[in-house]
1. How many angstrom lie between the C-alpha centres of region 176-230 and region 12-45?
2. Find the relative contact order for region 133-188 and round it to a whole percent, using C-alpha pairs within less than 8 Å whose residues are 6+ positions apart.
3. Given R₀ = 25 Å, what would the calculated FRET efficiency be for residue 121 paired with residue 89, taking r from the Cβ atoms and rounding to 0.05?
4. Can you tell me, using C-alpha contacts under 8 Å and at least 6 residues apart, the relative contact order of the chain as a whole percent?
5. Using only Cα atoms, what is the ratio of the radius of gyration of region 110-241 to 2.2 N^0.38 Å?
6. Starting from one equal scatterer on each C-alpha and no solvent at all, send me the Debye-based log10 I(q)/I(0) for the chain at q = 0.11, 0.13, 0.14 Å⁻¹, two decimals.
7. Tell me the mean residue ellipticity at 222 nm calculated for the chain from its helices only (DSSP H runs of n ≥ 4, each -39500 (n - 2.57), averaged over every residue, nearest 500).
8. Compute the distance from the alpha-carbon center of region 61-75 to that of region 108-136, in whole Å.
Amino acid sequence: MPQTLVSLAAKEYPGRLIIIGQDVSGSQAIIVYAITGRSPSSQARRMVAQRGGIWVRPTDDEVLKTGNPDLLIYPAILFGKGIAVSNGKQTTDVQECLSRFSNPIDLLKSSLSGWDYEPDEPIFTPRISGCVLPSKRAALSIVRRAKNGLSSRRYFEVSLRPGQGKFISTYAGQNIDPLPSFSGKPEDVLFCQKTARQTAEDVYEALRSQGGTRDFRVSVACVFGHPEDPNLHETAIINRSERNGNA
């Protein structure tokens with residue numbers, strides 16, 4: 001496991017996560033979306049490239065019905081005049097704002113104004129989102145439940161520097177009930193690989209269970225993107241359901 005992802009590997013159960021950064025050459029933005037899941041309905045998913053982005057789709061419709069399909073099936077990454085990413089259906093709203101804003105913080109504030117944390121009591125999963133603009137500016141956001149039950153909204157601009165990135169996740173990382181939400185600022189990662197496939201493999205390996213505990217991995221998608229030209233995007237997807245022996 002690359003030492004560059006050691007902070008991510010330390011989290012037993014991060015839930016869903018977003019990484020935004022820049023490749024080692026400084027020429028491409030990196031966007032990673034990854035899913036881990038504990039329940040059968042969360043595990044019964046995969047990511048596929050289609051319709052101008054990357055979508056979360058079911059592997060087993062009947063198992064998926066034991067959860068809430070409205071929260072489990074959605075566009076994870078969408079391309080437009082920039083790149084939008086999130087852990088829910090709010091990705092579409094972020095994408096629709098890509099051409100309207102030059103400031104990524106303003107973009108996320110506007111596009112997420114109508115969204116609250118997920119209604120999955122007692123966990124109240126946060127909504128995490130991000131964007132990369134053609135101007136090479138990027139940002140991350142988390143909408144989580146505050147102690148008073150209202151939505152707490154935080155936004156973080158991500159400085160794109162060669163070989164560096166930031167990540168947020170829905171949960172803090174402990175596998176306990178109820179799951180504690182991610183808090184604080186986005187955490188650092190370093191990129192050492194030169195392709196989307198290699199980077200996806202590194203993230204997938206970092207999410208491997210430690211110490212023989214249950215393997216929660218579901219899927220990892222990585223985009224090496226040119227926000228100004230979606231025809232130049234390089235994408236890679238790893239679905240655990242499609243790997244021999246689920247390794």
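1. Region 176-230 and region 12-45 have Cα centres spaced 4 Å from each other.
2. Values: 68 pairs, mean separation 15.3, N = 56.
Relative contact order of region 133-188: 27 percent.
3. On the way: r = 19 Å, r/R0 = 0.75.
After rounding, the FRET efficiency stands at 0.85.
4. Dividing the mean separation by the residue count of the chain yields 27 percent.
5. Details: Rg = 16.3 Å, N = 132, 2.2 N^0.38 = 14.1 Å.
Compared with the compact-globule rule of thumb, region 110-241 sits at 1.16.
6. The computed values of log10 I(q)/I(0) come out as -0.50, -0.72, -0.85.
7. Only helices count here, giving -4000 deg cm²/dmol.
8. Going from one Cα centre to the other spans 19 Å.
Where a number appears in this text, it was derived from the coordinates with a stated rule and is not lab data. As the structure is a computational prediction, the values presented were derived from the model and not from experiment. Positions of Cβ are backbone-derived with ideal geometry, glycine not excepted, and every protein chain shown enters the neighbour counts.
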